[in-house]
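Asks: Quick one: the structure is below, and I'll ask about it shortly.
The values are calculated or read from the model by the stated rules, or taken from the named source; none is laboratory data. Here the structure is a predicted model, which is why all the values come from computation and not from measurement. Cβ sites come from the backbone with ideal geometry, for glycine too, and all protein chains shown count toward neighbours.
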Amino acid sequence: MHRKYELVYVVSPDASEDQVTELHTQVEGIVQKMGGQLEKTENWGRRKLAYEIGRHKEATYVLEVINGSGELMKEIDRRFKNIDVVIRHLVVRVDAEQAVVERTRSKRTEGSRRRRVARGLPPDRQPGEGQRGDADDDRDDRFDMTEDMR
């Protein structure tokens, strides 16, 4: 079963761009070999660390979004533990969170529709309907001080 994972790894500032590219190539090779798919790669560049790790105060951050199995992620985790230029790495499964968000959104929408129908309204909001201060109303004249100061 394929799931969506985010892999973030922090590379030592001593590592060159070629070494960072080589790490990405290794991840890509593992993913292809084990039947996964590399969805996205983002090199966030060199950033200051929140706290010192060893003697390092800054490092290069890389994000990889991978669709694959748990075995694939275990293999990547195992290999990253043995690579010296990788200071830290973290694998997070994100598809479970997306399912929770979708389920919550659908429950909220269904509840809203049920309440609207019970009040005799159409189930979905109509254009122009809503509370004052919605996104389409960008001007709030309650705090317009020019008239009060005259």
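Asks: With respect to the numbered conditions (1) in a helix (DSSP H, G or I); (2) at pLDDT below 90, which one is the sole condition not fulfilled by Arg132?
Replies: (1)
Asks: Hey, another quick one. Could you tell me which numbered condition Val100 fails, if it satisfies all but one of (1) over 30 Å from Pro123 (Cβ atoms); (2) assigned to a helix (DSSP H, G or I)?
Replies: Result: Val100 passes all but (1).
Asks: State all residues of segment 53-79 that are part of a strand (DSSP E or B), in contact with a Phe, Trp or Tyr (Cβ under 8 Å, 6 or more places away or on another chain) and of a type in the set (A, V, I, L, M); if no residue qualifies, say none.
Replies: Across segment 53-79, the qualifying residues are Val62, Leu63, Val65, Ile66.
Asks: Glu102: at pLDDT 90 or above, more than 19 Å from Glu17 (Cβ to Cβ), out of contact with any strand residue (DSSP E or B) (no Cβ under 7 Å at 6 or more places or on another chain) and surrounded by fewer than 14 Cβ atoms within 10 Å (Cβ to Cβ), yes or no?
Replies: In short, no.
Asks: Collect the residues in segment 1-42 that are without any contact (Cβ under 8 Å) to a residue 40 or more places away in the chain and surrounded by 15 or more Cβ atoms within 10 Å (Cβ to Cβ), keeping them in residue-number order. Please lay out each step first, then the result.
Replies: First, pick out the residues of segment 1-42 that are without any contact (Cβ under 8 Å) to a residue 40 or more places away in the chain: 16-18, 21-22, 25, 28-29, 32-33, 35-42.
Across segment 1-42, the qualifying residues are Glu28, Gly36, Leu38.
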